[in-house]
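Below: the structure, in structure tokens.
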Amino acid sequence: MALSLSLSTIQQSNDNTILRIVDNTGSYSSTNITGWGTPNTALSTIDGSTNELTITVTITNSSNESVTYDPIDVYDYLGHAPSDVDDLIIYITPNLLLSSGTALGAEDDELPDGWYDIEYSLDVISTGANISTYEVQILVDGIVRNKIYDMLLNIPRRAYESTPYRIYTHNWRDLTYPLYVRSLFDAMVAYVTPARKNEILEMLNLVERLTL
């Protein structure tokens with residue numbers, strides 16, 4: 001069998017500025033016959049002139065507006081051909097996502113919440129022929145998630161400190177509203193599949209408006 005690209009689970013940093021993308025193709029062996037290396041494509045051929053390994057990101061926001069950013073060339077990102085599968089760790093930040101020459105943001109800016117389609121592709125530079133492509137979809141939700149955490153942290157202590165000897169008059173909205181928004185968020189992320197894309201984006205739009 002030929003090389004078959006794969007990625008590990010994509011992770012978002014706690015400050016919402018980075019997506020960590022890790023190759024999961026592995027090295028060729030008798031138990032991984034679709035991995036990198038002879039008789040399949042060697043990592044050394046990702047050299048800026050033979051084969052091109054790219055990551056292409058399309059972001060769809062909660063208003064269902066999509067932008068496909070320019071492919072990120074892994075050779076250019078690393079500055080050299082990868083010598084080992086452990087080299088294939090890419091940290092996607094807003095400054096790497098270019099559309100018509102304009103970056104999504106600065107390196108330390110937050111990545112926008114939304115539906116991310118990620119294409120990991122290996123192509124022959126001279127002909128454009130595709131060797132392998134792996135596609136994955138994820139929901140990025142760090143901005144609203146942290147806003148909900150802040151709402152929960154800001155629940156007044158008097159909402160849960162009442163005792164028979166010290167009675168407080170509750171404003172129940174202070175307690176129930178954050179829990180309501182959190183429940184909507186939990187429902188949104190409970191089952192993320194391409195079939196639920198539109199439903200998830202509608203829920204994200206609602207949660208964004210409730211956390212303004």
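FYI, it's all coordinate maths here, none of it is from the lab. Computed from a predicted model, the values in this text were never measured in an experiment. Please note: Cβ atoms are built from the backbone with ideal geometry, for glycine as well, and neighbour counts cover all protein chains shown.
Listed values, structure above:
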{"read-out": "Stretch gain in nm, segment V192-N154, where the contour uses 0.36 nm per residue and the Cα spacing is subtracted", "value": "10.8 nm"}
{"read-out": "Projected-area average for the chain over all orientations - Cα convex hull basis, square nanometres", "value": "15.8"}
{"read-out": "Residue-averaged 222 nm ellipticity for the chain, from DSSP H runs of 4+ at -39500 (n - 2.57), nearest 500", "value": "-7000 deg cm²/dmol"}
{"read-out": "Dipole magnitude of the chain, debye to nearest 20 (Cβ charges: Lys/Arg +1, Asp/Glu -1, about Cα centre)", "value": "1260"}
{"read-out": "Inter-probe distance in nm under a simple model that places probes 7 Å from Cα toward Cβ, at S49 and Q137", "value": "4.1"}
{"read-out": "Equivalent ellipsoid semi-axes - Cα gyration tensor, segment 17-79, angstrom", "value": "29, 16, 10"}
{"read-out": "Positive-end extreme of charge dipole, the chain - chosen from I155, N24, H80 (charges on Cβ)", "value": "I155"}
